[in-house]
Structures are given as structure tokens and as C-alpha cells.
1. Report, largest value first, the span of the C-alpha coordinates of the chain along each principal axis, in whole Å.
2. Let me know the shape class of the range 1-42, please: from the alpha-carbon gyration tensor, a ≥ b ≥ c as square roots of the eigenvalues, rounded when a/c is under 1.5, otherwise prolate if a/b is greater than b/c, or oblate.
3. If we count other beta carbons within 10 Å of each Cβ, what is the order of Leu39, Leu54, Leu97, fewest first?
4. Say R0 is 35 Å: what FRET efficiency, to the nearest 0.05, do Val29 and Ser73 get from their beta-carbon distance?
Amino acid sequence: MLKHYIGVTQLLITVAAASIAFGGNSQSVGAIVVAKLLLAWSIFYGVLFCALLLWRYDEYAQNIKSYTLGWYSTIFALGFSCLTCFMLGYLAWGWGL
């Protein structure tokens with residue numbers, strides 16, 4: 001499942017970055033600016049999610065007891081935050097159009 005999680009997160013990061021770079025113009029309304037900020041936070045959370053997921057997977061392969069409830073909760077929260085900010089960003093973008 002690790003490959004699928006990373007693949008979906010890569011897709012979210014790519015689409016969010018393309019939307020930030022190519023969407024809107026210099027005379028953007030407030031909703032578009034908020035949408036771009038939410039998409040930027042989505043990218044931030046997604047990168048942290050991928051990095052920590054891969055790191056903790058490697059640590060788990062060395063020591064099964066190293067993957068504690070705290071690490072699980074942190075990684076789950078980062079993945080959920082990435083997805084939530086992505087969805088809210090596009091909802092705000094649609095509201096601004």
C-alpha cells in the first residue's frame with residue numbers, strides 16, 4: 001500500500017503546484033489567493049507525509065516496535081491534512097470564480 005499512498009500524494013502535489021503556478025492572474029480576487037494558499041499548505045503537508053511515511057517504514061523494517069501510536073497518528077494526520085487542504089483549496093477556487 002505504500003506505493004499507492006506515495007503515488008496519490010505525488011498526484012495531489014503535482015496538480016496543486018500546477019494550479020498555483022498557472023492558475024489565475026496578477027489581478028486575482030481574494031478567494032483565488034486563499035485557494036492558492038490552501039493548495040500551498042496541501043503541498044507542504046503532502047511532502048511531510050511522504051517523507052515521514054518513508055522514513056518510518058524504513059525504521060519499522062529495522063525495529064517493529066518503533067512504529068508507535070504517536071507516529072501513526074502524526075503520519076495519518078499529515079495525509080488527511082494534505083487531502084483536506086487540497087479539497088478546500090479547490091472549493092475556494094470554485095467559489096472565487
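What follows draws every value from the coordinates through simple rules; no lab data is involved. Predicted model, so just to flag it, every value in this text is computed and none were measured. When we count neighbours, we look across all protein chains shown, and the Cβ atoms used for this are built from the backbone with ideal geometry, even at glycine.
1. 53, 20, 18
2. Working: a/c = 5.53, a/b = 2.75, b/c = 2.01.
Prolate is the answer for the range 1-42, as a/c is 1.5 or above and a/b outweighs b/c.
3. Working: Leu39 26, Leu54 13, Leu97 9.
Listed from fewest to most nearby Cβ atoms, that is Leu97, Leu54, Leu39.
4. Working: r = 37 Å, r/R0 = 1.06.
The value I calculate is 0.40.
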